[in-house]
Amino acid sequence: MKFTPEEFRAWEHKKITLLGMSGVGKTYLSGLLRRHDWFHYSGDYRIGTRYLDEPILDLIKQQAMQVPFLRELLRHDWIDIRNNIKIQDLGPVLSFVGKLGDPDHGGLSLPEFSRRQCMYREAEIAAMRDVPEFIRKAQEIYGYAHFVNDVGGSLCELEDDAVISLLAQHTLILYIQVTTREEEETLIRRAQSDPKPLYYRPSFLAENLPLYMAEKGLGFVAQVDPNDFTRWVFPRLFHARVPRYEAIAGPHGYTVTSQEVAQVKSEADLITLVDTAISRQR
């Protein structure tokens, strides 16, 4: 949605989609707004609790069936296994998506990794298609005045124009941009030490995996150190995503900086910041 500053301030039921890399402040803003009568819709939480819930449980049960004691309990329905996914802790989704490489170090084969990547992409698309219905639920069922859509960092990777159009039709898209080298390095270090579920476009993976293997002198994907590859590839993923975010924000939304977001301490601060972003673009 596009607005004048006056139209945005007068918007009775504000609906904002937060766009940007993991760590730029999307969940921070969402948590702040939640305390001010905003419904917090987490795309990753929806993915884990709705669209990947059964595949995650199947994976857990497959592992448990290899333990004789647990195998008997499961086969007799004497125990129940469930996911315990939290907005701030997406561990089960991270475990399902997995990492590429040596199976002796927890890695997945390229076909299996690609299969799970495809499932993750479809789940994220489905979660974003749910946004209009959750906007309705937030107002009609739960009585929230406003709505914030906290999307995953890989939204720009989905290559699905219909999803972007849908979000632009129902929400104001606010892109949180990293503008300094220091912030960029901090985000990369944070993502490397505390990873979130990552989706790689097939073309991105096809381009960068051979580069990594050549640099490390590896002949087979099964020789790839999963953690080392994740650390190596993330800076490249970061820089590949920036123009994709900008391509969404330019025609469909507005841009603020992560430094500006860090100064937001209240709902009023965010409203003022969005107002400023709209004015800047105009």
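For this structure, a couple of remarks:
- Filter pass, ASP104 being out of contact with any Phe, Trp or Tyr (no Cβ under 9 Å at 6 or more places or on another chain) and closer than 26 Å to LEU158 by Cβ: no
- Output for the stretch 1-22, where each listed residue is polar (S, T, N, Q) and within 17 Å of LEU155 (Cβ to Cβ): THR17, SER22
- Residue match in the stretch 132-142 (condition: modelled with pLDDT of 95 or more, over 21 Å from ASP53 (Cβ atoms), of a type in the set (Gly, Ala, Ser) and over 18 Å from the mean Cα position of the chain (by Cα)): yes
- Restricting the stretch 165-196 to residues that are in a helix (DSSP H, G or I) and in contact with a helix residue (DSSP H, G or I) (Cβ under 6 Å, 6 or more places away or on another chain), the residue that is surrounded by the most Cβ atoms within 10 Å (Cβ to Cβ): ALA191
- Complete set of residues in the stretch 197-229 that are among the acidic types (Asp, Glu) and part of a helix (DSSP H, G or I): GLU207, GLU215, ASP228
- Leading residue by the ranking (farthest from LEU33 (Cα to Cα)) among those in the stretch 255-282 that are in a helix (DSSP H, G or I) and of a type in the set (D, E, K, R): ARG280
- Pairs with Cβ under 9 Å, 6+ apart, first in the stretch 165-176 and over 17 Å from GLY25 (Cβ atoms) and touching a residue at least 12 places away in the same chain (Cβ under 8 Å), second polar (S, T, N, Q) and surrounded by 22 or more Cβ atoms within 10 Å (Cβ to Cβ): LEU167/THR17; LEU167/ASN149; ALA168/THR17; HIS170/THR17; HIS170/ASN149; THR171/THR17; THR171/ASN149
- Restricting the search to helices (runs of 4 or more DSSP H) fully inside the stretch 26-93 and requiring at least 3 residues that are within 14 Å of the chain's Cα centre (by Cα) gives 26-34, 43-46.
- Among the residues listed as LEU90, LEU110, LEU100, the single one being under 14 Å from PRO197 (Cα atoms) and touching a strand residue (DSSP E or B) at 6+ places or on another chain (Cβ under 7 Å): LEU100
- Residue in the stretch 176-183 that is in contact with a Gly (Cβ under 7 Å, 6 or more places away or on another chain) and under 23 Å from PHE39 (Cβ atoms) present: yes
- Note on the stretch 12-25: residues that are modelled with pLDDT of 90 or more and crowded, with 16+ Cβ neighbours inside 10 Å amount to 7.
- For the stretch 99-131, a tally of residues being more than 16 Å from the chain's Cα centre (by Cα), in a helix (DSSP H, G or I) and among the charged types (D, E, K, R) returns 3.
- VAL151 vs. criteria within 19 Å of TYR254 (Cα to Cα), surrounded by 13 or more Cβ atoms within 10 Å (Cβ to Cβ) and of a type outside the set (Asp, Glu): yes
- Selection from the stretch 147-174 of residues that are closer than 19 Å to HIS239 by Cα and polar (S, T, N, Q): SER154
The values are calculated or read from the model by the stated rules, or taken from the named source; none is laboratory data. All figures in this text were calculated on a predicted structure; none of them were measured in a lab. All Cβ positions, glycine included, derive from the backbone under ideal geometry; neighbour counts span all protein chains shown.
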